[in-house]
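Report on one structure; see the data block that follows.
Derivation of every value follows stated rules applied to the coordinates shown; laboratory data play no part. Bear in mind that the values here come from a model prediction, so they are computed numbers and not experimental data. Quick reminder, even Gly has a Cβ in these numbers, built from the backbone with ideal geometry, and neighbours come from all protein chains shown.
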Amino acid sequence: MRCGLFAAVLAGGLMLGGGAWAIGDPNEALADKAQESRAVAIGQQLRCLVCQNESIEDSGADLARDLRRLVRQQVAAGQSDEQVVQWLVARYGNFVRLSPPFEWSTVLLWGSPLVAVVVGGGIALFARQRRPVAPAPLDAAEQARLRSLLDT
Amino acid sequence: MNRRLLLLVPFAGVVAAGAGFFAMLKRETEGTFDPRGVPSMLIGKPVPKFALPGDPGFGAADLAGKPILVNFFASWCVPCVEEADVLMGLQRAGVAIYGIAYKDKAPATAAFLDKHGNPYARLGRDDPGLVAIDWGVTGVPESYLIDKDGTVRWRWVGPLTAEAVTGSLEPLLRQYA
């Protein structure tokens, strides 16, 4: 029983702490839990421009910390998720999105799985057609000849 | 169609890729291409509104009347030392350079400029680094060419090199003079 209570308290503590743990410094977190989790969700889609392969929520870079703070300011000011992302895209371009939108400059990026399927399928079909066809069954004359050869 | 011609397709692909990479490397050594550069959203747009304190500080309204090179730098930034000579050369050639000290402390900036030379006609201080974010700066050093109408024409990420100056900046300075 005591053990169970301890586990429940621990689990509760972990769940409460979850939001603040996403970033290094709990002081950065917004007081409003709902707003904080929105800010985390937004930050996870945004690239840290210093380290380039981390989101601003994961990065320890100075610029990422500034961007986290700006994202939180805008969330607290009542901006929608898309407005916050657009605000950053206006400054840093679509590069700041970890998931780039589908547009002309990203056609090749998003289309590459389709290209791979088409090219791979084409090669597979081509190879199938080139496979040697099974020889036609022997006709009566050939079977007679075969038999006579085997009998000798 | 002659099926043997099909064999040329992969060959042509390799040649095309090779030519592409060669052009990329050539433009990189000429200073007209930066492989790590993220395209700036400001090109062709007016400079974002700002006003920075400094020595003497400046704001968006001051970037007009002549082409101005705006250089974001910091005393703690190692590549900024690398470009110091290039900037001093530009200053001697008569290019107006306005500096923005990014997240720096005034005495440290002053010591840096004493040591490596001060190419800046005006010096703004962006201690919180928020003006840099409005400009889309990803790190220091970063340089922007503003034409006489206050429109951003060019951005260079990282230390300015002699090649970038001759290959990109000088033609643009002539164009927007």
Seminar exercise, completed: Relative to chain B, whose Cα atoms define the longest principal axis, helix B:78-92 and its Cα axis are tilted in degrees, nearest 10, by 80
Seminar exercise, completed: Of the convex hull enclosing the alpha-carbon atoms of region B:51-175, the direction-averaged projected area in nm² is 6.7
Problem set entry | Rg/Rg_globular for region A:33-130, with Rg_globular taken as 2.2 N^0.38 Å and Rg from C-alpha atoms | 1.51
Seminar exercise, completed: Log10 I(q)/I(0) at q = 0.12 Å⁻¹ for region A:102-152, from Debye over equal alpha-carbon scatterers, is -0.55
For this session: Compute the distance in nm between two label points, each set 7 Å from the Cα along the Cα-to-Cβ direction, one at A:Leu98 and one at A:Gln73.
Result: 2.4
For this session: Please give, to one decimal in nm, the separation of the simple spin-label points placed at A:Glu28 and B:Leu8, each 7 Å out from Cα toward the Cβ.
Result: 5.8
Problem set entry | Choice from B:Arg92, B:Arg155, B:Arg122 with maximal GNM fluctuation in chain B (Cα, 10 Å cutoff) | B:Arg92
Seminar exercise, completed: In whole Hz, the Karplus estimates of ³J(HN,Hα) for region B:9-22 (6.51, -1.76, 1.60; θ = phi - 60°; x where Gly or Pro) are 4, x, 4, 4, x, 5, 4, 4, 4, x, 4, x, 5, 5
For this session: Looking at the protein assembly as shown, send over the antiparallel percent of its DSSP beta bridges, to the nearest 5.
Result: 60
Seminar exercise, completed: Looks like region A:75-134, by Cα gyration tensor root eigenvalues a ≥ b ≥ c and the a/c under 1.5 rounded cutoff (else prolate when a/b is bigger than b/c, oblate otherwise), is prolate
Problem set entry | Fraction of the pair-distance distribution of the protein assembly as shown above 37 Å, Cα-Cα pairs, percent | 41
Problem set entry | Computed over region B:1-111, Cα set: Rg, Dmax in Å | 22.4, 75
Exercise. Order of A:Cys51, B:Cys77 from fewest to most other C-beta atoms within 10 Å?
Worked result: A:Cys51, B:Cys77
Exercise. Which whole-Hz ³J(HN,Hα) couplings does region A:106-111 yield from phi under the Karplus relation 6.51 cos²θ - 1.76 cosθ + 1.60, θ = phi - 60°, glycine and proline marked x?
Worked result: 10, 4, 5, 4, 6, x
Exercise. Counting only residues 5 or more places away or on other chains, whose amide H sits under 5 Å from the amide H of B:Gly59 once H atoms are built in the peptide plane?
Worked result: B:Leu52
For this session: Sort A:Ser99, A:Ser37, A:Ser80 so that the residue with the fewest other Cβ atoms within 10 Å of its own Cβ comes first and the one with the most comes last.
Result: A:Ser99, A:Ser80, A:Ser37
Exercise. Which order results if B:Asp55, B:Asp126 are arranged by neighbouring Cβ count within 10 Å, fewest first?
Worked result: B:Asp55, B:Asp126
Exercise. Of B:Lys105/B:Lys148; B:Lys26/B:Lys49; A:Lys33/B:Lys49; A:Lys33/B:Lys105, which ones are farther than 32 Å apart at the Cα?
Worked result: B:Lys26/B:Lys49; A:Lys33/B:Lys49; A:Lys33/B:Lys105
Seminar exercise, completed: Of B:Ala101, B:Ala93, B:Ala164, the most mobile residue in a GNM of chain B (C-alpha springs, cutoff 10 Å) is B:Ala93
